[in-house]
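One structure is given here, and the rest of the page talks about it.
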Amino acid sequence: MNGLYGALGLAKRAGKIRAGDYAVKDSLSKSRARLVLMDESLSRSAAAKFRQLCEAEGVGCEELPEGIIGGAIGKAGCMTAAVEDEAFAARLAKMAASKRLT
C-alpha cells in the first residue's frame, strides 16, 4: 500500500470511514470520529464549520489536496470524511501532515 491514497482506500474497505458532510457531522456528534479529512476546495465557511465542530469534540482535522478523498474512497466529488478508527486516524494524520500522498 502506498501513501495516503492507499491508506484511505484500505480504511474505506475496512468500514472505518464515513464519507460526506452529513455522515461526518453524525460521526462527530456521536463521538465516533477520530480524524476529519477535508478537501482543500471545500468552501471557507464549510471548512470553518467543520474545524469548529472538530475543535469542540477534540478531534483532529486535516486538509487534503483536491480530489484525494473522493478518488481514494471511490466517491468522486466527496469532500469530507471521518475516520472512525484510532489506528487508521493516527496513520492518516501522520501522512497528511507530511504530505505523503502516494
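Just a few scattered comments:
- Lone unmet requirement of (1) at pLDDT below 95; (2) assigned to a helix (DSSP H, G or I) for Met1: (2)
- The one condition in (1) loosely packed, with under 14 Cβ neighbours inside 10 Å; (2) out of contact with any Ser or Thr (no Cβ under 7 Å at 6 or more places or on another chain); (3) of a type in the set (Asp, Glu); (4) under 18 Å from Leu4 (Cβ atoms) that Glu55 fails to fulfil: (4)
- Among the residues examined, Arg51 does not qualify as under 19 Å from Ala11 (Cα atoms) and part of a helix (DSSP H, G or I).
- The residues of segment 24-39 that are at negative phi and touching a helix residue (DSSP H, G or I) at 6+ places or on another chain (Cβ under 9 Å), listed by number, are Val24, Lys25, Leu28, Ser29, Arg32, Ala33, Arg34, Leu35, Val36, Leu37, Met38, Asp39.
- Qualifying residue in segment 31-41 (condition: part of a helix (DSSP H, G or I) and out of contact with any strand residue (DSSP E or B) (no Cβ under 7 Å at 6 or more places or on another chain)): no
- Matching residues, segment 65-86, being farther than 17 Å from Tyr22 by Cα and in contact with a Lys or Arg (Cβ under 9 Å, 6 or more places away or on another chain): Pro65, Ala72, Gly74, Asp85, Glu86
The values are calculated or read from the model by the stated rules, or taken from the named source; none is laboratory data. Just so it is clear, the structure is predicted and the values come from calculations on it, not from any experiment. Ideal geometry is used to build each Cβ from the backbone, glycine not excepted, and the neighbour counts take in all protein chains shown.
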